[in-house]
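Below is one structure, written out as C-alpha coordinates, with a few remarks after it.
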Amino acid sequence: MDFDISLLLIGLLIAFVLGWLASRLDLRQLRIENRQAPKAYFKGLNFLLNEQQDQAIDAFIEAVQSDPDTSELHFALGNLFRRRGEYERAVRVHQHLLSRGDLSQDDQHRAQHALALDYLKAGLLDRAEEALLKLEGTRFEAQARLALLANYERSRDWEHAAGIARKLEASGQGSFTGRLAHYLCEQAATLLAQGDESSARALLEQAIASAPQVPRPRMDLAALWTRSGQAAKACKTLTEALYAAPSAIPLIAPLLAQSALAAGEGEATLALLKSTYLDVPSLDVLDAIVTLEASSSELTPTARDWYARHLEKEPSLVAATKWIAGEKLEREAFHPQVQRALDHAVKPLTRYRCAACGFEAKVHFWQCPGCQAWDSYPARRVEEL
(Lines give C-alpha, C1' and ligand atoms only; values in the text may rest on other atoms or scores of the structure.)
Protein backbone atom coordinates (compact mmCIF):
# COMPACT_ATOMS: atom_id res chain seq x y z
CA MET A 1 0.00 0.00 0.00
CA ASP A 2 2.88 2.34 0.91
CA PHE A 3 4.54 1.56 -2.45
CA ASP A 4 1.40 2.47 -4.37
CA ILE A 5 1.04 5.81 -2.56
CA SER A 6 4.63 6.73 -3.34
CA LEU A 7 4.16 6.01 -7.02
CA LEU A 8 0.97 8.05 -7.02
CA LEU A 9 2.69 10.99 -5.37
CA ILE A 10 5.61 10.79 -7.79
CA GLY A 11 3.18 10.65 -10.72
CA LEU A 12 1.29 13.65 -9.45
CA LEU A 13 4.54 15.55 -8.99
CA ILE A 14 5.70 14.73 -12.54
CA ALA A 15 2.33 15.76 -13.94
CA PHE A 16 2.47 19.05 -12.06
CA VAL A 17 5.98 19.77 -13.30
CA LEU A 18 5.05 18.92 -16.89
CA GLY A 19 1.93 21.08 -16.66
CA TRP A 20 3.93 23.97 -15.25
CA LEU A 21 6.52 23.64 -18.00
CA ALA A 22 3.79 23.49 -20.66
CA SER A 23 2.13 26.61 -19.30
CA ARG A 24 5.44 28.44 -19.27
CA LEU A 25 6.07 27.42 -22.86
CA ASP A 26 2.57 28.60 -23.89
CA LEU A 27 3.05 31.92 -22.13
CA ARG A 28 6.45 32.35 -23.73
CA GLN A 29 5.03 31.60 -27.19
CA LEU A 30 2.12 34.00 -26.55
CA ARG A 31 4.50 36.75 -25.52
CA ILE A 32 6.61 36.18 -28.63
CA GLU A 33 3.52 36.37 -30.87
CA ASN A 34 2.23 39.45 -29.08
CA ARG A 35 5.59 41.11 -29.50
CA GLN A 36 5.85 40.13 -33.17
CA ALA A 37 2.37 41.29 -34.21
CA PRO A 38 2.67 44.86 -32.86
CA LYS A 39 6.22 45.06 -34.15
CA ALA A 40 5.10 44.15 -37.67
CA TYR A 41 2.12 46.49 -37.37
CA PHE A 42 4.21 49.48 -36.29
CA LYS A 43 6.82 48.67 -38.90
CA GLY A 44 4.11 48.77 -41.55
CA LEU A 45 2.77 52.02 -40.14
CA ASN A 46 6.24 53.54 -40.28
CA PHE A 47 6.63 52.52 -43.92
CA LEU A 48 3.19 53.95 -44.68
CA LEU A 49 4.06 57.31 -43.12
CA ASN A 50 7.22 57.40 -45.23
CA GLU A 51 5.13 56.66 -48.35
CA GLN A 52 6.85 53.29 -48.85
CA GLN A 53 3.74 51.34 -49.80
CA ASP A 54 5.47 48.18 -51.00
CA GLN A 55 7.31 47.70 -47.71
CA ALA A 56 4.16 48.63 -45.76
CA ILE A 57 2.16 45.93 -47.54
CA ASP A 58 4.82 43.31 -46.77
CA ALA A 59 4.80 44.30 -43.10
CA PHE A 60 1.00 44.19 -42.85
CA ILE A 61 0.88 40.80 -44.57
CA GLU A 62 3.35 39.54 -41.95
CA ALA A 63 1.17 40.96 -39.18
CA VAL A 64 -1.99 39.39 -40.65
CA GLN A 65 -0.28 36.01 -40.88
CA SER A 66 0.68 36.28 -37.20
CA ASP A 67 -2.87 37.19 -36.20
CA PRO A 68 -5.42 36.35 -38.93
CA ASP A 69 -8.34 37.44 -36.74
CA THR A 70 -7.27 41.11 -36.59
CA SER A 71 -9.83 42.96 -38.71
CA GLU A 72 -8.10 46.33 -38.53
CA LEU A 73 -5.02 44.92 -40.22
CA HIS A 74 -7.20 43.49 -42.97
CA PHE A 75 -8.81 46.89 -43.52
CA ALA A 76 -5.40 48.57 -43.68
CA LEU A 77 -4.11 45.94 -46.08
CA GLY A 78 -7.16 46.17 -48.35
CA ASN A 79 -6.93 49.97 -48.51
CA LEU A 80 -3.26 49.76 -49.40
CA PHE A 81 -3.99 47.31 -52.21
CA ARG A 82 -6.65 49.67 -53.57
CA ARG A 83 -4.33 52.68 -53.44
CA ARG A 84 -1.70 50.75 -55.36
CA GLY A 85 -4.21 49.72 -58.02
CA GLU A 86 -4.22 46.04 -57.03
CA TYR A 87 -7.99 45.91 -57.02
CA GLU A 88 -8.36 42.12 -57.21
CA ARG A 89 -6.31 41.66 -54.05
CA ALA A 90 -8.25 44.45 -52.32
CA VAL A 91 -11.53 42.76 -53.26
CA ARG A 92 -10.33 39.41 -51.88
CA VAL A 93 -9.33 40.99 -48.56
CA HIS A 94 -12.68 42.74 -48.11
CA GLN A 95 -14.67 39.71 -49.25
CA HIS A 96 -12.77 37.66 -46.67
CA LEU A 97 -13.79 40.15 -44.00
CA LEU A 98 -17.44 39.94 -45.05
CA SER A 99 -17.34 36.14 -44.85
CA ARG A 100 -16.24 36.17 -41.23
CA GLY A 101 -18.99 35.34 -38.76
CA ASP A 102 -17.30 37.04 -35.79
CA LEU A 103 -17.30 40.50 -37.39
CA SER A 104 -19.48 43.18 -35.75
CA GLN A 105 -22.31 44.68 -37.76
CA ASP A 106 -20.52 48.02 -38.00
CA ASP A 107 -17.37 46.33 -39.34
CA GLN A 108 -19.49 44.40 -41.82
CA HIS A 109 -20.89 47.69 -43.12
CA ARG A 110 -17.37 49.10 -43.22
CA ALA A 111 -16.13 46.11 -45.22
CA GLN A 112 -19.13 46.44 -47.58
CA HIS A 113 -18.28 50.10 -48.17
CA ALA A 114 -14.60 49.27 -48.78
CA LEU A 115 -15.62 46.53 -51.23
CA ALA A 116 -17.83 48.98 -53.12
CA LEU A 117 -14.91 51.40 -53.41
CA ASP A 118 -12.75 48.57 -54.75
CA TYR A 119 -15.30 47.89 -57.49
CA LEU A 120 -15.59 51.60 -58.31
CA LYS A 121 -11.85 52.01 -58.66
CA ALA A 122 -11.67 48.88 -60.80
CA GLY A 123 -14.39 50.24 -63.11
CA LEU A 124 -16.82 47.42 -62.27
CA LEU A 125 -19.81 49.77 -62.13
CA ASP A 126 -22.55 47.11 -61.91
CA ARG A 127 -20.92 45.39 -58.95
CA ALA A 128 -20.19 48.76 -57.34
CA GLU A 129 -23.85 49.75 -57.64
CA GLU A 130 -24.98 46.48 -56.06
CA ALA A 131 -22.52 46.88 -53.18
CA LEU A 132 -23.43 50.53 -52.56
CA LEU A 133 -27.17 49.87 -52.50
CA LYS A 134 -26.63 47.46 -49.59
CA LEU A 135 -25.40 50.39 -47.46
CA GLU A 136 -28.82 52.08 -47.28
CA GLY A 137 -29.71 52.68 -43.63
CA THR A 138 -26.12 52.37 -42.38
CA ARG A 139 -23.72 55.04 -41.18
CA PHE A 140 -22.13 54.89 -44.65
CA GLU A 141 -25.40 55.81 -46.36
CA ALA A 142 -24.43 59.40 -47.28
CA GLN A 143 -21.01 58.34 -48.61
CA ALA A 144 -22.61 55.48 -50.53
CA ARG A 145 -25.15 57.81 -52.13
CA LEU A 146 -22.43 60.23 -53.23
CA ALA A 147 -20.50 57.32 -54.72
CA LEU A 148 -23.69 56.07 -56.41
CA LEU A 149 -24.27 59.53 -57.84
CA ALA A 150 -20.78 59.55 -59.34
CA ASN A 151 -21.35 56.01 -60.60
CA TYR A 152 -24.62 56.90 -62.35
CA GLU A 153 -23.06 60.03 -63.85
CA ARG A 154 -20.15 58.00 -65.14
CA SER A 155 -22.51 55.53 -66.80
CA ARG A 156 -24.75 58.42 -67.97
CA ASP A 157 -27.75 57.00 -66.16
CA TRP A 158 -29.31 60.42 -65.60
CA GLU A 159 -32.68 59.20 -64.34
CA HIS A 160 -31.17 57.19 -61.47
CA ALA A 161 -28.68 59.99 -60.81
CA ALA A 162 -31.58 62.41 -60.37
CA GLY A 163 -33.22 60.08 -57.87
CA ILE A 164 -30.06 59.86 -55.76
CA ALA A 165 -29.54 63.64 -55.95
CA ARG A 166 -33.04 64.22 -54.61
CA LYS A 167 -32.38 61.82 -51.70
CA LEU A 168 -29.13 63.60 -50.88
CA GLU A 169 -30.83 67.00 -50.92
CA ALA A 170 -33.68 65.70 -48.75
CA SER A 171 -31.19 64.36 -46.19
CA GLY A 172 -29.46 67.75 -45.89
CA GLN A 173 -26.32 66.92 -47.88
CA GLY A 174 -26.47 70.22 -49.79
CA SER A 175 -28.31 71.72 -52.73
CA PHE A 176 -28.45 69.65 -55.91
CA THR A 177 -30.89 71.92 -57.79
CA GLY A 178 -28.35 72.97 -60.41
CA ARG A 179 -27.15 69.42 -60.96
CA LEU A 180 -30.73 68.18 -61.33
CA ALA A 181 -31.23 70.80 -64.05
CA HIS A 182 -28.18 69.42 -65.87
CA TYR A 183 -29.57 65.89 -65.62
CA LEU A 184 -32.80 67.06 -67.26
CA CYS A 185 -30.80 68.76 -70.01
CA GLU A 186 -28.83 65.56 -70.60
CA GLN A 187 -32.04 63.56 -70.85
CA ALA A 188 -33.46 66.17 -73.24
CA ALA A 189 -30.35 65.88 -75.42
CA THR A 190 -30.86 62.12 -75.61
CA LEU A 191 -34.50 62.54 -76.63
CA LEU A 192 -33.55 65.17 -79.18
CA ALA A 193 -31.02 62.80 -80.73
CA GLN A 194 -33.88 60.31 -81.06
CA GLY A 195 -36.02 62.92 -82.82
CA ASP A 196 -38.46 63.48 -79.94
CA GLU A 197 -38.45 67.30 -79.85
CA SER A 198 -41.68 67.73 -77.88
CA SER A 199 -40.51 65.55 -74.98
CA ALA A 200 -37.10 67.22 -75.01
CA ARG A 201 -38.76 70.65 -74.87
CA ALA A 202 -40.92 69.56 -71.94
CA LEU A 203 -37.85 68.44 -69.96
CA LEU A 204 -36.04 71.71 -70.68
CA GLU A 205 -39.05 73.74 -69.56
CA GLN A 206 -39.16 71.61 -66.40
CA ALA A 207 -35.48 72.38 -65.78
CA ILE A 208 -36.10 76.12 -66.25
CA ALA A 209 -38.98 76.04 -63.78
CA SER A 210 -37.01 74.12 -61.15
CA ALA A 211 -33.73 76.06 -61.52
CA PRO A 212 -34.38 79.44 -63.18
CA GLN A 213 -30.91 80.71 -62.24
CA VAL A 214 -29.15 77.99 -64.25
CA PRO A 215 -28.33 79.20 -67.79
CA ARG A 216 -28.02 75.85 -69.56
CA PRO A 217 -31.74 74.91 -69.86
CA ARG A 218 -32.61 78.21 -71.55
CA MET A 219 -29.57 78.01 -73.82
CA ASP A 220 -30.48 74.46 -74.83
CA LEU A 221 -34.11 75.47 -75.35
CA ALA A 222 -33.01 78.38 -77.54
CA ALA A 223 -30.90 75.97 -79.60
CA LEU A 224 -33.98 73.78 -79.99
CA TRP A 225 -36.06 76.77 -81.17
CA THR A 226 -33.31 77.68 -83.64
CA ARG A 227 -33.22 74.11 -84.91
CA SER A 228 -36.95 74.21 -85.60
CA GLY A 229 -36.65 77.58 -87.41
CA GLN A 230 -38.23 79.72 -84.67
CA ALA A 231 -35.53 82.39 -84.31
CA ALA A 232 -37.82 84.88 -82.53
CA LYS A 233 -38.53 82.39 -79.74
CA ALA A 234 -34.82 81.60 -79.50
CA CYS A 235 -34.01 85.31 -79.20
CA LYS A 236 -36.66 85.77 -76.49
CA THR A 237 -35.41 82.75 -74.54
CA LEU A 238 -31.79 83.95 -74.63
CA THR A 239 -32.79 87.45 -73.59
CA GLU A 240 -34.51 85.94 -70.55
CA ALA A 241 -31.35 83.94 -69.85
CA LEU A 242 -29.31 87.14 -69.96
CA TYR A 243 -31.29 88.51 -67.01
CA ALA A 244 -31.71 85.22 -65.14
CA ALA A 245 -28.03 84.19 -65.19
CA PRO A 246 -25.75 87.27 -65.21
CA SER A 247 -22.65 85.15 -64.59
CA ALA A 248 -23.20 83.37 -67.92
CA ILE A 249 -23.59 86.53 -70.04
CA PRO A 250 -20.34 85.90 -71.99
CA LEU A 251 -21.70 82.49 -73.05
CA ILE A 252 -25.16 83.81 -73.92
CA ALA A 253 -24.18 86.98 -75.85
CA PRO A 254 -22.79 85.37 -79.04
CA LEU A 255 -25.82 83.07 -79.32
CA LEU A 256 -28.15 86.00 -78.70
CA ALA A 257 -26.50 88.02 -81.49
CA GLN A 258 -26.97 85.17 -83.98
CA SER A 259 -30.61 84.57 -83.06
CA ALA A 260 -31.34 88.34 -83.12
CA LEU A 261 -29.97 88.62 -86.67
CA ALA A 262 -32.07 85.64 -87.77
CA ALA A 263 -35.18 87.12 -86.14
CA GLY A 264 -34.60 90.63 -87.46
CA GLU A 265 -34.18 92.08 -83.96
CA GLY A 266 -30.60 93.26 -84.35
CA GLU A 267 -31.05 96.89 -83.27
CA ALA A 268 -32.92 96.13 -80.04
CA THR A 269 -30.48 93.38 -79.14
CA LEU A 270 -27.49 95.61 -79.95
CA ALA A 271 -28.78 98.26 -77.53
CA LEU A 272 -29.24 95.59 -74.88
CA LEU A 273 -25.72 94.19 -75.36
CA LYS A 274 -24.15 97.68 -75.28
CA SER A 275 -25.83 98.28 -71.95
CA THR A 276 -24.71 94.87 -70.73
CA TYR A 277 -21.13 95.52 -71.83
CA LEU A 278 -20.90 98.49 -69.47
CA ASP A 279 -21.44 96.12 -66.55
CA VAL A 280 -19.75 93.04 -68.04
CA PRO A 281 -16.89 94.14 -70.34
CA SER A 282 -16.32 90.63 -71.66
CA LEU A 283 -14.59 89.72 -74.92
CA ASP A 284 -17.52 87.52 -75.94
CA VAL A 285 -20.01 90.36 -75.35
CA LEU A 286 -17.66 92.56 -77.37
CA ASP A 287 -17.65 90.05 -80.25
CA ALA A 288 -21.46 89.96 -80.18
CA ILE A 289 -21.64 93.76 -80.39
CA VAL A 290 -19.17 93.84 -83.29
CA THR A 291 -21.16 91.14 -85.10
CA LEU A 292 -24.40 93.10 -84.78
CA GLU A 293 -22.84 96.45 -85.76
CA ALA A 294 -21.02 95.01 -88.75
CA SER A 295 -24.22 93.41 -90.05
CA SER A 296 -26.19 96.66 -90.26
CA SER A 297 -25.42 99.28 -92.90
CA GLU A 298 -27.49 101.81 -90.94
CA LEU A 299 -25.10 101.57 -88.01
CA THR A 300 -21.51 102.71 -87.74
CA PRO A 301 -19.21 100.97 -90.23
CA THR A 302 -16.33 101.12 -87.76
CA ALA A 303 -17.52 98.22 -85.64
CA ARG A 304 -13.93 97.12 -85.22
CA ASP A 305 -13.25 100.24 -83.13
CA TRP A 306 -14.97 98.50 -80.24
CA TYR A 307 -11.82 96.43 -79.80
CA ALA A 308 -9.73 99.60 -79.51
CA ARG A 309 -12.16 101.01 -76.94
CA HIS A 310 -11.91 97.78 -74.99
CA LEU A 311 -8.13 98.27 -74.76
CA GLU A 312 -8.76 101.57 -72.99
CA LYS A 313 -10.59 99.67 -70.23
CA GLU A 314 -8.14 96.81 -69.83
CA PRO A 315 -5.11 95.39 -71.68
CA SER A 316 -6.08 92.45 -73.90
CA LEU A 317 -3.89 90.71 -76.44
CA VAL A 318 -7.00 89.04 -77.88
CA ALA A 319 -8.76 92.37 -78.49
CA ALA A 320 -5.56 93.88 -79.90
CA THR A 321 -5.15 90.94 -82.29
CA LYS A 322 -8.73 91.29 -83.57
CA TRP A 323 -8.30 95.03 -84.08
CA ILE A 324 -4.99 94.64 -85.94
CA ALA A 325 -6.57 92.01 -88.22
CA GLY A 326 -8.51 94.73 -90.06
CA GLU A 327 -5.94 97.51 -89.78
CA LYS A 328 -3.73 98.67 -92.65
CA LEU A 329 -0.10 98.61 -91.61
CA GLU A 330 2.65 100.83 -92.99
CA ARG A 331 4.38 97.73 -94.33
CA GLU A 332 1.29 95.75 -95.31
CA ALA A 333 3.31 93.05 -97.04
CA PHE A 334 4.30 91.68 -93.65
CA HIS A 335 0.79 91.83 -92.21
CA PRO A 336 -0.13 88.15 -92.87
CA GLN A 337 2.99 86.88 -91.07
CA VAL A 338 2.40 89.20 -88.11
CA GLN A 339 -1.26 88.23 -87.97
CA ARG A 340 -0.45 84.51 -87.98
CA ALA A 341 1.99 85.00 -85.12
CA LEU A 342 -0.57 86.95 -83.10
CA ASP A 343 -3.33 84.44 -83.79
CA HIS A 344 -1.05 81.64 -82.62
CA ALA A 345 -0.09 83.59 -79.48
CA VAL A 346 -3.67 84.26 -78.40
CA LYS A 347 -4.96 80.70 -78.83
CA PRO A 348 -4.15 79.65 -75.24
CA LEU A 349 -5.76 82.87 -73.97
CA THR A 350 -9.11 82.12 -75.60
CA ARG A 351 -9.54 78.76 -73.86
CA TYR A 352 -11.73 77.98 -70.86
CA ARG A 353 -10.14 76.65 -67.66
CA CYS A 354 -11.72 74.44 -65.02
CA ALA A 355 -11.55 76.13 -61.62
CA ALA A 356 -11.42 72.74 -59.88
CA CYS A 357 -8.59 70.94 -61.69
CA GLY A 358 -7.19 73.44 -64.20
CA PHE A 359 -8.17 71.41 -67.29
CA GLU A 360 -8.28 73.74 -70.32
CA ALA A 361 -10.48 73.37 -73.38
CA LYS A 362 -11.35 75.31 -76.52
CA VAL A 363 -15.06 75.05 -75.73
CA HIS A 364 -17.01 75.59 -72.54
CA PHE A 365 -18.10 72.44 -70.68
CA TRP A 366 -20.89 72.20 -68.13
CA GLN A 367 -19.14 69.16 -66.63
CA CYS A 368 -15.36 69.09 -66.64
CA PRO A 369 -14.07 66.13 -68.69
CA GLY A 370 -11.01 66.05 -66.43
CA CYS A 371 -12.35 66.00 -62.86
CA GLN A 372 -16.08 65.49 -63.62
CA ALA A 373 -17.04 68.58 -61.56
CA TRP A 374 -20.22 70.40 -62.59
CA ASP A 375 -20.25 74.15 -63.38
CA SER A 376 -16.53 74.39 -62.67
CA TYR A 377 -15.77 76.29 -65.90
CA PRO A 378 -16.13 80.09 -65.56
CA ALA A 379 -17.91 81.74 -68.47
CA ARG A 380 -14.87 83.92 -69.13
CA ARG A 381 -11.81 83.05 -71.18
CA VAL A 382 -8.39 82.40 -69.65
CA GLU A 383 -7.19 85.92 -70.50
CA GLU A 384 -10.03 87.45 -68.48
CA LEU A 385 -9.59 85.33 -65.34
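The values are calculated or read from the model by the stated rules, or taken from the named source; none is laboratory data. Owing to the predicted nature of the structure, the values given are computational and were not obtained by experimental measurement. Note that each Cβ is placed from the backbone with ideal geometry, even for glycine, and that neighbours are counted across all protein chains shown. Accessible surface areas use protein heavy atoms only, side chains included; no ligands, DNA or RNA. Shrake-Rupley method; radii C 1.70, N 1.55, O 1.52, S 1.80 Å.
For this structure, a couple of remarks:
- Qualifying residues in the stretch 102-140 (those that are open to solvent by 80 Å² or more (accessible area, probe 1.4 Å) and of a type outside the set (A, V, I, L, M)) - the one nearest to the chain's Cα centre (by Cα): Lys121
- For the stretch 343-360, the set of residues classified as touching a Ser or Thr at 6+ places or on another chain (Cβ under 7 Å) and buried (at least 16 other Cβ atoms within 10 Å of the Cβ) consists of Val346, Cys354, listed by residue number.
- Some residue of the stretch 320-342 being among the β-branched types (Val, Ile, Thr), under 20 Å from Pro250 (Cβ atoms), free of Cβ contacts under 8 Å to residues at least 40 places away in the same chain and surrounded by fewer than 16 Cβ atoms within 10 Å (Cβ to Cβ): no
- Of residues in the stretch 262-285 being free of Cβ contacts under 8 Å to residues at least 40 places away in the same chain and of a type in the set (S, T, N, Q), the one most open to solvent (accessible area, probe 1.4 Å): Ser275
- Any chance Gly229 is surrounded by fewer than 20 Cβ atoms within 10 Å (Cβ to Cβ), over 29 Å from Gln143 (Cβ atoms) and at pLDDT below 95: yes
- Test: residue in the stretch 292-314 that is surrounded by 19 or more Cβ atoms within 10 Å (Cβ to Cβ) and among the polar types (S, T, N, Q): no
- Breaking point among (1) part of a helix (DSSP H, G or I); (2) within 37 Å of the chain's Cα centre (by Cα); (3) surrounded by fewer than 14 Cβ atoms within 10 Å (Cβ to Cβ); (4) among the aliphatic types (A, V, I, L, M), for Val363: (1)
- Any chance Leu238 is at pLDDT 90 or above and crowded, with 23+ Cβ neighbours inside 10 Å: yes
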